[in-house]
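Working notes for the structure below.
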Amino acid sequence: MLEKITGTFSDIIRTLSGKSKITEKNIEETVEQIKLALLEADVNLRVVRRFVNSTIEEAKGEKVLKAVDPGQQFVKIIYDKIVALLGDKKTDLALKGPDTQSVILLLGLQGAGKTTAAHKLAFRLKKDGRRPLLVACDLIRPAAIEQLCVLGQKIDVPVYKEDGAKDAVKVSKNAIDYAKKNGFDTIIVDTAGRLQIDEDMMKELVDIKKAVNPVETILVADSMTGQNAVEIAKSFDEQLTLTGVILTKFDSDARGGAALSLKSITNKPILFIGTGEKTEDFEPFHPERIASRILGMGDVVSLVEKAQETVSAEEALKMQEKMMRNEFTLQDMLDQLQSVKKMGSLQQIFDMMPGLAGQISEDQIDKAGLKRQEAIIQSMTKKERQNHLIIGPSRRKRIAKGSGTSVQEVNKLIKQFEKTKLTMKKLTRNRGAQAKLMQQMGASGMDMSALGNMQLPKGFKMPKGFKF
């Protein structure tokens, strides 16, 4: 996610942070680097010019040049400017109360991911206590209705459809009546797209909007199209007055041009981002968190939220107690590895960690190594997982054969496990460290020590002061 721009900005920030003195020359050189990074990220030229001019103007003021820590002050200015580009603050859906209907109209070109976004949004709203209804108004794309029905069934959300219908406006009107009679408070209308904007599509969308009177008119755009997404948003906004944007395929976007240009050019907020193929891979857009990731500062808040969704408070408490009693087992280690997997791709997790964002690419992560670790523990008996001390040479041979690995790899995993246990034991003797660990685990909802067992790229050095 945004690997290219994050890598460049991370280098810039590291250089700046170490400077005890900032000169006008430093500022100009740094801003030139930022300008090139933004242009390479496919950010709109007007946006780049505004960013550069305002950054130079503010950075050359006395606030930076005469600051106690000028490097950090300059970094703060860059951070604030990026947050402003992304939209300043998170924007929530303008939904009415649960006793009143709220209609969300989704628009976009064919292939942008409208149908998938519709079901992900329905899933999120259902989790929030709403009663969503999906409406199939894409009567053009073959199998669009069938796709929406399959996705709706997957999340147990009903889909309103009319087999053989030709008039999307009529279908949308009938769906509103159906929703009223059956107590649905949120109606998500999935509309037809085209390979390019045309007059017929726009007329149909305008008529549907008049018919359903939505509280939100949202464009679903492919973030990987960069500036094209911005131009598409402008075209839709002129005809339909958008209230916001959903950016899909954000996890595959290495550049970030769409996200960094949209708000400045269209004045429409990014509401959600699609971060993967799973139903849960759909997040509210937090400008300050994304800005933090872009600058290589990580995103601890999102990491904590993901962990809380994966592990219940009760499970986290049990794990805390086991660790404090030095009862951590290989079974617990397996549970932790599997919990981390549920949180999303390892690339996304590393990108949320301060000091690691933008430093490790997807192809550097030893996914096969993680699978081998899981296979090794899964090849152990229940007794062996509970007490690793009984795993002698003959058992290690059997485990290696059963997991399709080598005895050396089995030995390596057990050593890693013993190291983790030793760390836990030291913490139990140190009340201050113990309290800190309890606090961290209570916040995150899980023990992140599982990440410490991951195979980092050869030659990679942890940032100073960073520990799992």
Is there a quick way to get the dipole size of segment 166-302? I mean about its Cα centre, with the Cβ of Lys and Arg at +1 and of Asp and Glu at -1; what is the value in debye to the nearest 20? 280 debye
Using Cα centres only, tell me the gap between segment 217-282 and segment 91-109 in whole Å. 17 Å
Could you work out what % of the accessible surface of segment 91-190 is carbon and sulfur, using a 1.4 angstrom probe and leaving DNA, RNA and ligands out of the count? 49 percent
In this structure, among Lys203/Lys234; Lys318/Lys371; Lys96/Lys209; Lys81/Lys268; Lys382/Lys412; Lys35/Lys263, pairs with alpha-carbon gaps over 22 Å are Lys318/Lys371
Mean Cβ neighbour count within 10 Å, used as a protection proxy, ranking 137-147, 194-204 highest first: 137-147, 194-204
Arranged from highest to lowest average of other beta-carbon atoms within 10 Å per residue, in what order do the peptides 181-189, 383-391, 86-94 appear? 181-189, 86-94, 383-391
Classify segment 38-171 from the C-alpha gyration tensor, please: rounded if a/c falls under 1.5, else prolate or oblate depending on whether a/b exceeds b/c. prolate
Expressed as a whole-number percentage, the relative contact order of segment 139-195 with C-alpha contacts under 8 angstrom and at least six residues apart is 38 percent
Could you grab the relative contact order for segment 135-290? Cα pairs under 8 Å, six or more apart, rounded to a whole percent. 17 percent
Sorted on mean Cβ neighbours within 10 Å (highest first), peptides 325-332, 108-115 come out as 108-115, 325-332
Under unit Cβ charges (Lys, Arg +1; Asp, Glu -1), what dipole magnitude, rounded to 20 debye, does segment 178-257 have relative to its Cα centre? 240 debye
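The values are calculated or read from the model by the stated rules, or taken from the named source; none is laboratory data. Here the structure is a predicted model, which is why all the values come from computation and not from measurement. Every residue, glycine as well, gets a Cβ built from its backbone with ideal geometry; the counts of neighbours run over all protein chains shown. Surface accessibility is based on the protein's heavy atoms, side chains included, excluding ligands, DNA and RNA. Shrake-Rupley method; radii C 1.70, N 1.55, O 1.52, S 1.80 Å.
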